[in-house]
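The values are calculated or read from the model by the stated rules, or taken from the named source; none is laboratory data. If you're wondering where the values come from, they're calculated on a predicted model, not measured in any experiment. Note: ideal-geometry Cβ built from the backbone for every residue, glycine included; neighbour counts use all protein chains shown.
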Amino acid sequence: MQKGFSLVELLVVVAIIGVLAGVGVVGYDRYVENAKLKVFEQNVQTILKAVDFEYTVISNELSSAMNEIAPDGTATGNKISTSSTCAHFVFSVKEHFKDMVNPWFPNKKMITVDSEYRGQHKKGMVQIMCNRSTPSGNGFRKGWNCPVESSNFQVYAHYRDGTTYASEGYTESGDSSEFVARSNADSSIIGISYNRGLTNLTRAGYSSSQIWDNNGATGFANGPFMQPAAGETLCGSTNGGIAWEIGTNYMISTDADY
């Protein structure tokens with residue numbers, strides 16, 4: 001005659017089931033997080049490829065297929081060309097990828113075009129801006145007037161909320177095309193800054209006195225940022241109705257903010 005399970009044995013079984021269920025939930029959550037991260041990174045690479053392609057097209061005076069969008073969000077009726085400013089270019093990229101959504105907040109768009117500091121942004125945002133020279137005011141305001149072929153397009157992928165920069169501190173390293181910011185607390189990636197366009201200034205013939213090295217931070221010796229005077233000489237004081245240094249920030253895009 002078989003004996004039934006004792007109360008202790010039943011409690012052990014229940015405990016084991018609970019542990020397995022917990023492991024399953026954790027495993028599922030990790031899978032979902034990794035899937036979102038993969039989508040995020042794939043979208044970033046898609047954006048970068050488009051920026052690289054269009055920059056090459058314009059720099060070689062070829063015809064672009066990308067519609068030109070003004071900073072106020074309206075279509076100009078033209079295609080991106082050598083007469084387009086950096087501002088027109090980055091707003092056009094946002095419109096071109098308007099169907100990309102933030103993997104962590106699908107009701108929000110992924111791309112924001114703005115000149116605000118990184119600390120103002122949230123996880124899953126991809127900030128695209130014109131960043132030709134040193135910060136000014138309370139943001140990145142210099143170089144939005146540059147012709148496309150003279151521009152530095154900065155694509156910033158935010159892996160964590162921007163408040164991490166202040167709360168944990170960060171260490172940034174890389175080269176003129178890519179800088180990775182890692183948390184000083186746990187070395188996790190806070191964000192990655194991809195610079196595209198005219199980025200290696202040494203190779204382009206600029207001297208060290210014309211390049212801003214970000215106070216000697218590792219990787220900035222060849223660019224991509226110019227000293228203000230050199231940048232203004234390259235891009236002019238105004239272009240297409242946009243000043244070398246814009247007076248107020250372009251704010252985080254409303255459809256991406258949360």
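Being farther than 16 Å from Gln120 by Cα and in a strand (DSSP E or B) is the filter here; which residues of region 179-192 pass it? Break it down into steps so the answer makes sense when it comes.
To start, the set of residues in region 179-192 that are farther than 16 Å from Gln120 by Cα comprises 179-180, 182-189.
Once the filter is applied, which keeps residues that are farther than 16 Å from Gln120 by Cα and in a strand (DSSP E or B), region 179-192 yields Phe179, Val180, Arg182, Ser183, Ile189.
Please name all residue pairs, on different chains or six or more residues apart, with Cβ atoms under 9 Å, provided the first residue is in region 158-178 and is more than 17 Å from Val126 (Cβ to Cβ) and outside any strand (DSSP E or B) and the second residue is at pLDDT below 90 and not hydroxyl-bearing (Ser, Thr, Tyr).
Ser176/Gly219; Ser176/Phe220; Ser176/Ala221
Looking only at region 133-144, count how many residues are part of a strand (DSSP E or B) and surrounded by fewer than 24 Cβ atoms within 10 Å (Cβ to Cβ).
So the count comes out to 2.
Only one residue in Pro103, Pro147 is surrounded by fewer than 24 Cβ atoms within 10 Å (Cβ to Cβ), modelled with pLDDT of 95 or more and within 18 Å of Val39 (Cα to Cα). Which one?
Of the residues listed, the single one that is surrounded by fewer than 24 Cβ atoms within 10 Å (Cβ to Cβ), modelled with pLDDT of 95 or more and within 18 Å of Val39 (Cα to Cα) is Pro103.
Hey, can you tell me all the residues within region 71-99 that are surrounded by fewer than 18 Cβ atoms within 10 Å (Cβ to Cβ) and among the charged types (D, E, K, R)?
Within region 71-99, Asp72, Lys79, Glu95, Lys98, Asp99 qualify.
Output the residues belonging to region 67-87 that are closer than 21 Å to Arg132 by Cβ and in a loop (DSSP other than H, G, I, E, B). If you could, list the steps in order and put the result at the bottom.
Initial filter on region 67-87 (closer than 21 Å to Arg132 by Cβ): 68-71, 80-87.
Within region 67-87, Ala70, Pro71, Ile80, Ser81, Thr82, Ser83, Ser84 meet the criteria.
How about region 26-70: which of its residues are free of Cβ contacts under 8 Å to residues at least 60 places away in the same chain, surrounded by 16 or more Cβ atoms within 10 Å (Cβ to Cβ) and of a type in the set (Ser, Thr, Tyr)?
Result: Ser64, single match.
Whether any residue in region 114-132 is assigned to a loop (DSSP other than H, G, I, E, B), among the acidic types (Asp, Glu), buried (at least 18 other Cβ atoms within 10 Å of the Cβ) and touching a helix residue (DSSP H, G or I) at 6+ places or on another chain (Cβ under 9 Å) is what I want to check. Explain how you work it out, then say what you get.
Just the residues of region 114-132 that are assigned to a loop (DSSP other than H, G, I, E, B), to begin with: 114-115, 117, 121-125, 131-132.
Filter once more, so that each one left must be among the acidic types (Asp, Glu): 114.
Pick out the ones that are also buried (at least 18 other Cβ atoms within 10 Å of the Cβ) and you get 114.
This time we only want the ones that are touching a helix residue (DSSP H, G or I) at 6+ places or on another chain (Cβ under 9 Å), so: 114.
Checked against the condition, which is being assigned to a loop (DSSP other than H, G, I, E, B), among the acidic types (Asp, Glu), buried (at least 18 other Cβ atoms within 10 Å of the Cβ) and touching a helix residue (DSSP H, G or I) at 6+ places or on another chain (Cβ under 9 Å), region 114-132 yields at least one hit.
Only one of these is surrounded by 16 or more Cβ atoms within 10 Å (Cβ to Cβ) and either modelled with pLDDT under 95 or within 30 Å of Gln42 (Cβ to Cβ) (or both): Gly169, Gly231, Gly174, Gly216. Name it. Can you show your working first?
Numbers: Gly169 fails: surrounded by 16 or more Cβ atoms within 10 Å (Cβ to Cβ); Gly231 fails: either modelled with pLDDT under 95 or within 30 Å of Gln42 (Cβ to Cβ) (or both); Gly216 fails: surrounded by 16 or more Cβ atoms within 10 Å (Cβ to Cβ).
Every option except Gly174 fails the conditions.
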